[in-house]
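Structure record follows, encoded as structure tokens.
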Amino acid sequence: MARTGAHSRAPRRRLATLATGTLVAIAALLPGVGTASAQDSDDTTVVTGQSVPFPELGRPADLQFTSDSTPVTVTVPVPDGLQVRHLTGTLTTPMDFRQGWLEVRSDGRVVERVEIPAANEEGIPLSVPLDGLRVTDRSVTFTISSHYIPVDDRCYDRSQFAPLTLRDVAVAYDGTERQPASPAEFLPPILRKLTIYVADASSAAEQNAALALSTAVVNHYGNQPTRVEVAEIPAGGGVPSVAPALFERSIAVGGSTDAGIGLEATPAGAPVLRITGNETALSSQVDLFVANLDGYAAASRAIAAPDAKVPEVAQDVVSLEQLKIGSLTASGLNHIEVPIEVNQTQLGRPIRDLSAHMFGTYVPLPPSRSGILTVSLGGTQLASAPLDASGTFDVHADVPNNLLSRFMTLTVALDITGDFQCGTSDASSLTVDPRSTVSSHLASPPLPGGFASLPQTLLPTVDVGLGDNGLGDLRRANQLLVQMQHSSYLPLQPRVRPLTEAATDTLPAILVAADGNLPQSVRQPLASADPALLALQGVSGTTPYGTLQVIEQGNRSIVIATSNGEARDLDALLGWLDADPSQFPRLTGDVLIGPRDAQPFAIGVKVTDIAAQADADEDSGIGTGAIVAIVAGTAVLAVIVVGATVWLRRRRS
């Protein structure tokens, strides 16, 4: 699928980059090598001395050691002015564990060896000192290896047992965070919050600038839970009076017709990045910033940003190498797995008819052993092949459309049986060739539909229509875009349009009308929802609420953010989503309703038709649509039963 809108943006980016290439080259930061901390500076600082959990660094909360003696590499960021002191967590050991130790190494030397006592269900507090590790590119890198001795020194394959796990991992820092002294180091390795200030919230150029900056920065920080807020510079104020907290930054957009990007001091002492220009020039400056985002960030190996080499033009056939899957090799004794993540937002579009062509190698088995290779999705086996003396495999696996989801993991596995001699049988290994491919076609309507189709149905360019053409709906659009960008591998490219045009154009769209005044051309799924089903959730014709809805209209997806009269109800719903970033990716159905002073809930209205069609195509028995219909019928029956019970009680009384 071609990148809609990319042709009009690419030449402008190339021209801006060419005109300012020298400036960027001069400003770019050349990372050096330190010995204990990043650079010190006398610039304005923010005092710190706290522990940062792994999820804030964009990493899973736990470290798992699935194979004995196999090192796990850990890279943590070291922002300018800070020193990394400890790695902390709680170590849980398997129940068949008798004793062992962890070994931490860096630069070829042992940093720490931690003895581990017998299995402990409550966990063992652990603190690994990291003082003195070499800082390279604003990060420190070390490995942790587990060595454990099972109960009774038994010898067996542990792949089916719980691994040794360091839970709730965090990094303790000391020092003072140095504020940026040049645009080249404006964005730190850890960014908790970015505030984007606009001089004129009604300016289409500044609205576009704010939303483009927001999605680009969130995408740059990958899995870090970066928050982005949009605010307006007070009338008459040249720069916002900000005092950012730890790992926070501010960008001011507009306020001058002179085109430029630079740092500007504020009354609070911490600088803001100022991006200015008239309507045409401002767009070019923002494009320049986005295209050279790495040049404005304090470079760090620890930022797990999406790989720019992933094709941004959606293709029917993509290799695992192009998808940058990561390690495709695993080893073990009886059971070996290589997980392969397939992400619709990385493929750049909603897909159907997904298939995989997997080939690679394994260690040939001795005559006393046999095995089978399988490809599966979740608990469903898709393909299998017996192992032989060749040590190679070549299998095709088709994924039924009713098993598709936004994020999927295909598992290539070896299961080996036969004679096993403790201490003499060598471990086997499995390698999937990176030239293996996944194939798919564009799905219209998307599979799955509704909220599960977001944000892949909005890639790459999405129109944004604002009902009030002001700060309120601009903030709300930004909240939605940030939520969806956190779920997307590829960057969203928002384009602000008048509300009526965004509602009727051909591109996917986000329509924000907090007061409920949507164009008549928009057909809300909620309007055809079963009143009895809504009544079970406490929603009637007089209940005030905010709502998010997803429509498939004219071969495009439209996301609606509105209310039935008052903006505060939509704000409450968006605030509920912001309070727990994990909620948005878990949404199902196509309508989310937030009744005032009540818990929000999601239902499926139109999306069930799409699911039912997918199930019919797969001829897989009772499908999602039938199940939802049964649930809806049960809900109606429940209303009838409750009503009858109340009537009988009243009659008896």
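The values are calculated or read from the model by the stated rules, or taken from the named source; none is laboratory data. All values derive from a computational prediction rather than experimental measurement. Quick reminder, even Gly has a Cβ in these numbers, built from the backbone with ideal geometry, and neighbours come from all protein chains shown.
A single entry from LEU490, LEU507, LEU447 fulfils the requirement of being under 19 Å from the mean Cα position of the chain (by Cα) and part of a loop (DSSP other than H, G, I, E, B): LEU490.
Show the residue pairs that are 6+ apart or on different chains and have beta-carbon atoms under 9 Å apart, the first residue being within region 272-284 and in a helix (DSSP H, G or I), the second being surrounded by fewer than 21 Cβ atoms within 10 Å (Cβ to Cβ) and basic (Lys, Arg). Between residues of region 272-284 that are in a helix (DSSP H, G or I) and residues that are surrounded by fewer than 21 Cβ atoms within 10 Å (Cβ to Cβ) and basic (Lys, Arg), the close pairs are SER283/ARG12; SER284/ARG12; SER284/ARG13.
Any chance region 118-138 includes a residue that's modelled with pLDDT of 95 or more, buried (at least 21 other Cβ atoms within 10 Å of the Cβ) and farther than 21 Å from GLY295 by Cβ? No, every residue in region 118-138 fails to be modelled with pLDDT of 95 or more, buried (at least 21 other Cβ atoms within 10 Å of the Cβ) and farther than 21 Å from GLY295 by Cβ. Looking only at region 344-362, which residues are assigned to a helix (DSSP H, G or I) and either outside the structural domain of ASP388 (by TED's automatic domain parsing) or not β-branched (Val, Ile, Thr) (or both)? Scanning region 344-362 gives GLN344, GLN346, LEU347.
Close Cβ contacts (under 9 Å, 6 or more residues apart or on different chains) running from residues in region 336-359 that are free of Cβ contacts under 8 Å to residues at least 60 places away in the same chain and within 18 Å of LEU442 (Cβ to Cβ) to residues that are small (Gly, Ala, Ser) and surrounded by 20 or more Cβ atoms within 10 Å (Cβ to Cβ) are absent. Residue pairs whose Cβ atoms lie under 7 Å apart, sitting 6 or more positions apart in sequence or on different chains, and linking a residue in region 376-404 that is touching a residue at least 40 places away in the same chain (Cβ under 8 Å) to a partner that is part of a helix (DSSP H, G or I) and acidic (Asp, Glu), are PRO400/GLU618; ASN401/ASP617; ASN401/GLU618; ASN402/ASP615; ASN402/GLU618. In the condition set (1) under 22 Å from PHE289 (Cβ atoms); (2) part of a loop (DSSP other than H, G, I, E, B); (3) of a type in the set (A, V, I, L, M), LEU246 is compliant with all but (1). Annotation for region 150-166: no member residue is at pLDDT 95 or above and either under 30 Å from ASP415 (Cα atoms) or among the β-branched types (Val, Ile, Thr) (or both).
Taking first residues from region 209-224 that are touching a residue at least 24 places away in the same chain (Cβ under 8 Å) and partners that are acidic (Asp, Glu), the Cβ contacts under 7 Å between residues at least 6 apart in sequence or on separate chains come to GLN224/GLU56. Checked against (1) farther than 26 Å from PRO585 by Cα; (2) surrounded by fewer than 21 Cβ atoms within 10 Å (Cβ to Cβ); (3) of a type in the set (Gly, Ala, Ser), GLY222 passes all but condition (1).
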